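**Student:** Structure provided below as structure tokens; questions to follow.
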Amino acid sequence: MIKKVLKKVLFGSLVIGSSLMANSSEYLYNTKSLVGFEGGLSGINVKAAPINDGYVDIGQAGLKIGAQTEDYRLFLSGRYFAGNDFNKITTLGAEFDYMFHVASFLDFYLGINGGLVSIDYDDVANVNREISDVYYGGQLGAKLIVTDWLDLDLGARLMSIQADNTQNNITYSFDDIVSGYVSIIFKYEMD
């Protein structure tokens, strides 16, 4: 009889203790889900031999979803770039940032990015050209922690494309997109 009582007490203690310890693991991270809206100005490096080369100014808008721990964050992103010289430029990719904690209201971040870019444009002879290729690069910036549920990012991003398109003996080369951007990021916890 004493063995049965001790087994019940031990089993009850294990059940109650494990439920109390469930949230105190050193392996649990303080994670938040993220949704961000981004806008900015960019320049795309275009080389059109033998016509001209240089940066062409374009605007951008984007949507980012992701997650954040104390020191890291990861975004899946989509961006749309618009300018007079392009029908459209879109990107789908991912970004990974490491955050440096400067103050309770400010973090700096440094990260890498990569994904797919699609470019649709009409050249000087009004011939439609399309390019789809991969990009990779990095970003850096500052994150202002406005509230527990809202951040504001101010950053710069480089996306290296290295894509060519040749038609009618004219080659268009796209080397990189350099962007300055502002993001509004909403943070929340998922159950």
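**Student:** With the checklist (1) closer than 27 Å to D85 by Cβ; (2) without any contact (Cβ under 8 Å) to a residue 60 or more places away in the chain; (3) open to solvent by less than 70 Å² (accessible area, probe 1.4 Å) in hand, flag the one item T166 doesn't pass.
**Tutor:** (3)
**Student:** Looking at (1) in contact with a Lys or Arg (Cβ under 8 Å, 6 or more places away or on another chain); (2) buried (at least 19 other Cβ atoms within 10 Å of the Cβ), which is the one condition that is false for G141?
**Tutor:** (1)
**Student:** Considering (1) more than 22 Å from A61 (Cβ to Cβ); (2) open to solvent by 40 Å² or more (accessible area, probe 1.4 Å); (3) of a type in the set (D, E); (4) without any contact (Cβ under 8 Å) to a residue 60 or more places away in the chain, say which one D133 fails and leave the rest.
**Tutor:** For D133, the failing item is (1).
**Student:** Name the residues in the stretch 111-130 that are surrounded by fewer than 14 Cβ atoms within 10 Å (Cβ to Cβ) and within 30 Å of D71 (Cβ to Cβ), would you?
**Tutor:** I112, L116
Table: residues versus (1) of a type in the set (S, T, N, Q); (2) modelled with pLDDT of 95 or more; (3) within 19 Å of E38 (Cβ to Cβ); (4) touching a Leu at 6+ places or on another chain (Cβ under 9 Å).
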position	(1), (2), (3), (4)
A82	no, no, yes, no
D85	no, no, no, no
S104	yes, no, no, no
L110	no, yes, yes, yes
V117	no, yes, yes, yes
Y121	no, no, no, no
N126	yes, no, no, no
E130	no, no, no, no
V134	no, yes, no, yes
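**Student:** From G78, G62, G83, which residue is surrounded by 14 or more Cβ atoms within 10 Å (Cβ to Cβ), free of Cβ contacts under 8 Å to residues at least 24 places away in the same chain and under 23 Å from E130 (Cβ atoms)?
**Tutor:** G78
**Student:** Looking at D164, D120, can you tell me which residue is part of a strand (DSSP E or B) and closer than 20 Å to G78 by Cβ?
**Tutor:** It is D120.
The values are calculated or read from the model by the stated rules, or taken from the named source; none is laboratory data. Predicted model only: the values in this text are computed from it and were never measured. Quick reminder, even Gly has a Cβ in these numbers, built from the backbone with ideal geometry, and neighbours come from all protein chains shown. To get the accessible areas, we keep the full protein, side chains included, count just its heavy atoms, and leave off ligands, DNA and RNA. Shrake-Rupley method; radii C 1.70, N 1.55, O 1.52, S 1.80 Å.
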